[in-house]
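I'd like to ask you about the structure that follows.
The values are calculated or read from the model by the stated rules, or taken from the named source; none is laboratory data. Note that the structure is a prediction, hence the values are computed from the model and not measured. Positions of Cβ are generated from backbone atoms using ideal geometry, with glycine treated the same way; all protein chains shown enter the neighbour counts. To get the accessible areas, we keep the full protein, side chains included, count just its heavy atoms, and leave off ligands, DNA and RNA. Shrake-Rupley method; radii C 1.70, N 1.55, O 1.52, S 1.80 Å.
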Amino acid sequence: MKTKAYYIGLTLIIISFIACVISFYLLIFGIPLFLLGAVLVLISKRTIKLKLLSTIVPIVLYFPITFLFLYIYNYSTPKNILIPKNFEGNLRVVYEEKCGQNYDIADGVKTLIFPDNGILILNEDFDSHINYNYYIIDENGKKTKISEILDFKERLQEYPSILVRGSGTFWQSIETNSANIQEKGIVFSDFYLYNSSIDNRNEFKARQKLDSLTTAIVNQCRKDNGSH
């Protein structure tokens, strides 16, 4: 049994390592799985040297491998995001809408230009890469580059700054006629622009408002395009 314990433990370590590299959200499952695998490796009938290599090497390699994975995954030509100067709050890009616009091209670079309401509708495939240059643009077209923050707490350190938030799909019921109701999704990515020391405690209400506004704007867009 202790001979098999090493192979079972090593398998669990490998699975947990791959899972944690692929997604930070899997750490909550990957860490316990790794610990279980490490225990099985340590109680197995193997040399101390092999046991230590099997448990310590994945820990040492985790951060460089994760960095390399994210670099390769997100590698693409950067796009530019332009945001109205006085805007603050939630920004949302809606993808895969026939009524939406295509990327603008400025100086050979794909560019996303947000309207004043902060909701940009695109007739483009969902973009899973997080590789952008962010700019605030004033009424004269002058651009000022802004920094991206990685954590909500960093907002206190520099203004303006932008936080990349979640992405996904939310669904709505659409009545196509009196007897037929279909579900149609809205595919989106979210950002948040901090332009001052804003109090963000009513986050739930703000997201509800954003979802309602998105639904209304997208439905009007589809209606105007005849794709509702």
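Looking only at the range 128-155, which residues are among the acidic types (D, E) and either at pLDDT 70 or above or outside any helix (DSSP H, G or I) (or both)?
Filtering the range 128-155 down to residues among the acidic types (D, E) leaves 138-139, 148, 151, 154.
Correct list: D138, E139, E148, D151.
Here is a list: L12, L52. Which entry is open to solvent by 50 Å² or more (accessible area, probe 1.4 Å) and without any contact (Cβ under 8 Å) to a residue 40 or more places away in the chain?
Working: L12 fails: open to solvent by 50 Å² or more (accessible area, probe 1.4 Å).
Of L12, L52, the one residue that is open to solvent by 50 Å² or more (accessible area, probe 1.4 Å) and without any contact (Cβ under 8 Å) to a residue 40 or more places away in the chain is L52.
Would you mind stating whether K110 is at pLDDT below 95, of a type in the set (D, E, K, R) and not in a loop (DSSP other than H, G, I, E, B)?
Working: at pLDDT below 95: yes; of a type in the set (D, E, K, R): yes; not in a loop (DSSP other than H, G, I, E, B): yes.
Criteria met by K110.
When the range 67-99 is examined, which residues are found to be touching a helix residue (DSSP H, G or I) at 6+ places or on another chain (Cβ under 8 Å) and open to solvent by 20 Å² or more (accessible area, probe 1.4 Å)? Break it down stepwise before answering.
Let us first name the residues in the range 67-99 that are touching a helix residue (DSSP H, G or I) at 6+ places or on another chain (Cβ under 8 Å), namely 69, 89-90, 92, 94, 97-99.
Passing the criteria: F69, N90, K98, C99.
Given the condition in a helix (DSSP H, G or I) and under 31 Å from the mean Cα position of the chain (by Cα), answer yes or no: does some residue in the range 74-90 qualify? Give the derivation first.
Kept after step one, since they are in a helix (DSSP H, G or I), are these residues of the range 74-90: 74.
Still in the running and under 31 Å from the mean Cα position of the chain (by Cα): 74.
Yes, that holds for at least one residue.
In the range 156-166, is there at least one residue being at pLDDT below 90 and under 24 Å from K184 (Cα atoms)?
Let us first name the residues in the range 156-166 that are at pLDDT below 90, namely 156-161, 163-166.
Then drop every residue that is not under 24 Å from K184 (Cα atoms), which leaves 165-166.
Yes, some residue in the range 156-166 is at pLDDT below 90 and under 24 Å from K184 (Cα atoms).
Still on this structure, please answer the following. Does N123 qualify as being surrounded by fewer than 13 Cβ atoms within 10 Å (Cβ to Cβ) and of a type outside the set (G, A, S)? Steps first, answer last, please.
Numbers: surrounded by fewer than 13 Cβ atoms within 10 Å (Cβ to Cβ): no; of a type outside the set (G, A, S): yes.
No, not satisfied.
V41 passes all but one of (1) among the hydrophobic types (A, V, I, L, M, F, W, C); (2) open to solvent by 30 Å² or more (accessible area, probe 1.4 Å); (3) more than 30 Å from D107 (Cα to Cα); which number fails?
Evaluating V41 over (1) among the hydrophobic types (A, V, I, L, M, F, W, C); (2) open to solvent by 30 Å² or more (accessible area, probe 1.4 Å); (3) more than 30 Å from D107 (Cα to Cα) leaves (2) as the failure.
If we keep just the residues of the range 177-187 that are open to solvent by 20 Å² or more (accessible area, probe 1.4 Å) and either of a type in the set (D, E) or at pLDDT 90 or above (or both), which is nearest to N86 (Cα to Cα)?
Applying the filter and picking the extreme gives V187.
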